[in-house]
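These notes are about the structure you will find just below.
The values are calculated or read from the model by the stated rules, or taken from the named source; none is laboratory data. The structure displayed is predicted, hence computed values, not measured ones. Positions of Cβ are backbone-derived with ideal geometry, glycine not excepted, and every protein chain shown enters the neighbour counts.
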Amino acid sequence: MFLSNEGASKVLALLGVKISNDSIQRLYDRIEFVDNPDVEEVGIDDVAIRKGQTYATAIYDLKDHHLIALLNGRDAESLKEWLKGHKKIRLVARDRASAYASAINAILPECTQVADRFHLLQNLLGYLKDIFKKEMPSKVYIQDGKVLENEPEKIWQEKKPNEEYIASLHYDNTPPKNPDGSRRIYDDKKHLLTSKQYITQAENRKKNNN
């Protein structure tokens, strides 16, 4: 459910199931979500129905992670309308979208908002990347499985051809013989001076010389 139709089609193709994006959408349209107005803990995330074009807001129950609503769009207004009928919610796990945060603050100001595991890991990786960029040198040299403190000395070696292999090659560009014993000479060019092309070229040369 949290893949775009295109992404789901590609994943299923790897599993041996061929299905188009439109067929997946038709299956989605047939799914019925059973909403629960008494739910207290929910997860909210945006999903791509058609990546780069159509998005939706998925809401699921945190207790068993089953989907209870799929809202059109990923803006604050659609989420606000849904939250108005779910005033018992006290905990929301969401992504970092500011639109979701503002909607929750407006309708359920006492609700606790936390980042979901995916975005916590994404934040952690971002911080680690910044630390590595700051602490680690721009270049790391490894030789024989050991990290070197300095750049290893470059040793220039002349690369010689394999004489034995070259000697084993045989080239014979001798033209084959004609039936009369003379050597056959290949010439790809046409030299028919009476052809229209040569006559036109000769006339053009005369005009240019004059």
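Considering ARG96, ARG50, ARG90, the condition of being modelled with pLDDT of 85 or more and at negative phi is satisfied by ARG90 alone. Here ALA103 meets each of (1) within 15 Å of ASP45 (Cα to Cα); (2) at pLDDT 90 or above; (3) not in a helix (DSSP H, G or I) with one exception, condition (3). For segment 89-119, filtering for residues that are over 21 Å from PRO37 (Cβ atoms) and either crowded, with 16+ Cβ neighbours inside 10 Å or of a type outside the set (Phe, Trp, Tyr) (or both) leaves 12.
Considering every residue within segment 165-172, establish whether at least one is of a type in the set (D, E, K, R) and either assigned to a helix (DSSP H, G or I) or modelled with pLDDT of 85 or more (or both). No: segment 165-172 contains no residue that is of a type in the set (D, E, K, R) and either assigned to a helix (DSSP H, G or I) or modelled with pLDDT of 85 or more (or both). In the set ILE19, ILE31, only one residue is in contact with a helix residue (DSSP H, G or I) (Cβ under 6 Å, 6 or more places away or on another chain) and either buried (at least 16 other Cβ atoms within 10 Å of the Cβ) or hydrophobic (A, V, I, L, M, F, W, C) (or both); that residue is ILE19. Just to be sure, is GLN122 farther than 24 Å from ARG94 by Cβ and modelled with pLDDT under 85? Taking the combined requirement at face value, the residue does not satisfy it. Among the residues of segment 51-60, those that are out of contact with any helix residue (DSSP H, G or I) (no Cβ under 9 Å at 6 or more places or on another chain) and outside any strand (DSSP E or B) comprise GLY52, GLN53.
Could you list all residues from segment 45-92 that are within 18 Å of THR112 (Cβ to Cβ) and touching a residue at least 60 places away in the same chain (Cβ under 8 Å)? Within segment 45-92, ASP45 is the sole residue that qualifies.
Here the condition is being surrounded by fewer than 16 Cβ atoms within 10 Å (Cβ to Cβ), out of contact with any helix residue (DSSP H, G or I) (no Cβ under 8 Å at 6 or more places or on another chain), of a type in the set (D, E, K, R) and under 26 Å from VAL47 (Cα atoms); of LYS63, LYS146, LYS139, LYS133, it holds for LYS63 alone.
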